[in-house]
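Participant: This is the structure I have questions about; it appears just below.
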Amino acid sequence: MFFFVAVQSFVVFKASHSSPVIHPHKTIRSMVANWEAAWHDILHQGGGPRWKVDDPAVKDQALQRILQYCGTGQSRSSNDDDQHRPLSILNILCPLAGDDPFVALAWQRGHTVTTIDLVPDAVALQGQQISRCQKAATATTITSTSSGCSIDATAATAAPTEKMEEAEEWTETVVSPALTKWTHCSGRATCYVGDALQSINEDLHGTFDAVYDKDAFGALDPSMRAAYGARLAEYLRPGTGILYTEVKIQKKEVVDRTTGPPFHVEENDLMDTLGSHFDYVAGLGQVYEIMFPLGMAQTGHVLRRRTLEE
Ligand SMILES: C[S@@+](CC[C@H](N)C(=O)[O-])C[C@H]1O[C@@H](n2cnc3c(N)ncnc32)[C@H](O)[C@@H]1O
């Protein structure tokens, strides 16, 4: 059974069912090359969809769960600048976001979204989805004053912009040679091209109500989890910020935690990495059925960022 899991792993699965080679992501260079190759295969070579889940009902379910658990945290501190912002409108971080349609859905519902991905093509797809949502909304409302955007209503019927560089609603900032930031004119979407294991912006520390982690923790080599966990702890609001994570498990009695991505992840794997900064709130069990990889199930967990240590 595990042979099939390996063949259909995130990075090397191809529609042609080529040999099952797993590349350990030990260095940033090999990590970038492997993920770029995976995206190139998906987008240009007819490769399998791997981790992708496009069902809007599934994305809505994730958002509802995030809203549910964000609402049960401690109240914000009195010196919090944002204390008057209703908790039903969230500031959500989506690390290793790929082109997950969750991001555009959350943006469309009025939440603020920040994404990070290594691969520019994936970030471009994410940007296009948000642009499309905006154009669809603008087509019905004709003018948008609250967003600060000035997209012509006729643009709603135009073909989706292929490149973010050509999209007037996105502004590019080259933060460093390894980090590019795309800011949407709504002020509610920011997409970074860069390494989520690095600190991208100290101004973002302690500002997020929620992290949406779908196949992010479970996609990283276990040697990279500590750095990733440290970033999540930095970005989430102490005492209230929640981590909603979807990870995969192998459906067999004796599991292999060393092979992936996707890696087998259970509560104890999460808490081994995150336990010093997070409380475990809920295990959601299987959150929906998946076709790939064979022999795996998609499970959900909720953790809450503890208050800052004295
Ligand atoms: C398994 S995919 C999941 C994508 C998305 N969360 C989803 O479920 O549709 C992992 C994504 O993380 C990106 N990625 C991998 N390592 C990364 C890193 N260190 N920093 C930022 N992005 C990374 C890859 O390019 C890929 O798009």
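Participant: How about the range 228-266: which of its residues are away from the ligand (no atom under 15 Å from the Cβ), touching a residue at least 60 places away in the same chain (Cβ under 8 Å) and among the hydrophobic types (A, V, I, L, M, F, W, C)?
Facilitator: Result: ALA233, LEU236, ILE242.
Participant: Please work out which residue is farthest from the ligand (Cβ to nearest atom), limiting yourself to the range 184-203 and to residues that are surrounded by fewer than 17 Cβ atoms within 10 Å (Cβ to Cβ) and within 24 Å of LEU125 (Cα to Cα).
Facilitator: Filtering the range 184-203 for residues surrounded by fewer than 17 Cβ atoms within 10 Å (Cβ to Cβ) gives 187, 198-199, 201-203.
Checking which are within 24 Å of LEU125 (Cα to Cα) leaves us with 187, 198-199, 201.
On the way: GLY187: 23, GLN198: 8, SER199: 12, ASN201: 14 Å.
That would be GLY187.
Participant: Any idea how many residues of the range 207-227 are under 15 Å from THR115 (Cβ atoms) and within 11 Å of the ligand (Cβ to nearest atom)?
Facilitator: Going through the range 207-227 one residue at a time, the tally reaches 6.
Participant: Right, next: Of the numbered conditions (1) within 17 Å of the chain's Cα centre (by Cα); (2) surrounded by fewer than 23 Cβ atoms within 10 Å (Cβ to Cβ); (3) among the aliphatic types (A, V, I, L, M); (4) assigned to a strand (DSSP E or B), ALA227 fails exactly one; give the number of that condition.
Facilitator: Exception for ALA227: condition (4).
Participant: In addition: For residues that are surrounded by fewer than 19 Cβ atoms within 10 Å (Cβ to Cβ) and of a type in the set (A, V, I, L, M), scanning just the range 106-144, find the one that is modelled with the highest pLDDT.
Facilitator: ALA136
Participant: Additional query: Give the residue, chosen from GLY206, GLY285, GLY239, that is open to solvent by less than 10 Å² (accessible area, probe 1.4 Å), at positive phi and not hydroxyl-bearing (Ser, Thr, Tyr). Break it down stepwise before answering.
Facilitator: Numbers: GLY206 fails: open to solvent by less than 10 Å² (accessible area, probe 1.4 Å); GLY285 fails: open to solvent by less than 10 Å² (accessible area, probe 1.4 Å).
Exactly one of GLY206, GLY285, GLY239 is open to solvent by less than 10 Å² (accessible area, probe 1.4 Å), at positive phi and not hydroxyl-bearing (Ser, Thr, Tyr), namely GLY239.
Participant: List pairs: first in the range 105-123 and within 15 Å of the ligand (Cβ to nearest atom), second part of a helix (DSSP H, G or I) and of a type in the set (Asp, Glu), Cβ under 6 Å, 6+ apart or cross-chain?
Facilitator: Going by the 6 Å Cβ cut-off, the qualifying pairs are VAL119/GLU36.
Participant: Between residues in the range 37-55 that are under 16 Å from PRO261 (Cα atoms) and residues that are in a helix (DSSP H, G or I) and within 12 Å of the ligand (Cβ to nearest atom), which pairs lie under 6 Å by C-beta distance while being six or more apart or on different chains?
Facilitator: Pairs found: TRP39/ASP121; TRP39/ALA122.
Participant: How many of the residues making up the range 253-277 are in contact with a helix residue (DSSP H, G or I) (Cβ under 8 Å, 6 or more places away or on another chain), among the aliphatic types (A, V, I, L, M) and not in a helix (DSSP H, G or I)?
Facilitator: Total meeting the criteria: 1.
Participant: How many residues, within the range 175-212, are part of a loop (DSSP other than H, G, I, E, B), within 17 Å of the chain's Cα centre (by Cα) and of a type in the set (Gly, Ala, Ser)?
Facilitator: Count: 3.
Participant: Still on this structure, please answer the following. Looking for whichever is open to solvent by less than 20 Å² (accessible area, probe 1.4 Å) and closer than 19 Å to VAL255 by Cα here; the options are LEU294, LEU274, LEU303, LEU270. Which one fits?
Facilitator: Working: LEU294 fails: open to solvent by less than 20 Å² (accessible area, probe 1.4 Å); LEU274 fails: closer than 19 Å to VAL255 by Cα; LEU303 fails: closer than 19 Å to VAL255 by Cα.
Of the residues listed, the single one that is open to solvent by less than 20 Å² (accessible area, probe 1.4 Å) and closer than 19 Å to VAL255 by Cα is LEU270.
Participant: What do you reckon, is SER147 at pLDDT below 95 and under 18 Å from CYS94 (Cα atoms)? Lay out the reasoning, then the answer.
Facilitator: Details: at pLDDT below 95: yes; under 18 Å from CYS94 (Cα atoms): no.
When the stated conditions are applied, SER147 does not pass them.
The values are calculated or read from the model by the stated rules, or taken from the named source; none is laboratory data. In this text the structure is predicted, and so the values were computed from the model without any measurement. In this analysis, Cβ positions are derived from the backbone assuming ideal geometry, glycine residues included, and neighbour counts consider all displayed protein chains. Heavy atoms of the whole protein, side chains included, go into the accessibility calculation; ligands, DNA and RNA do not. Shrake-Rupley method; radii C 1.70, N 1.55, O 1.52, S 1.80 Å.
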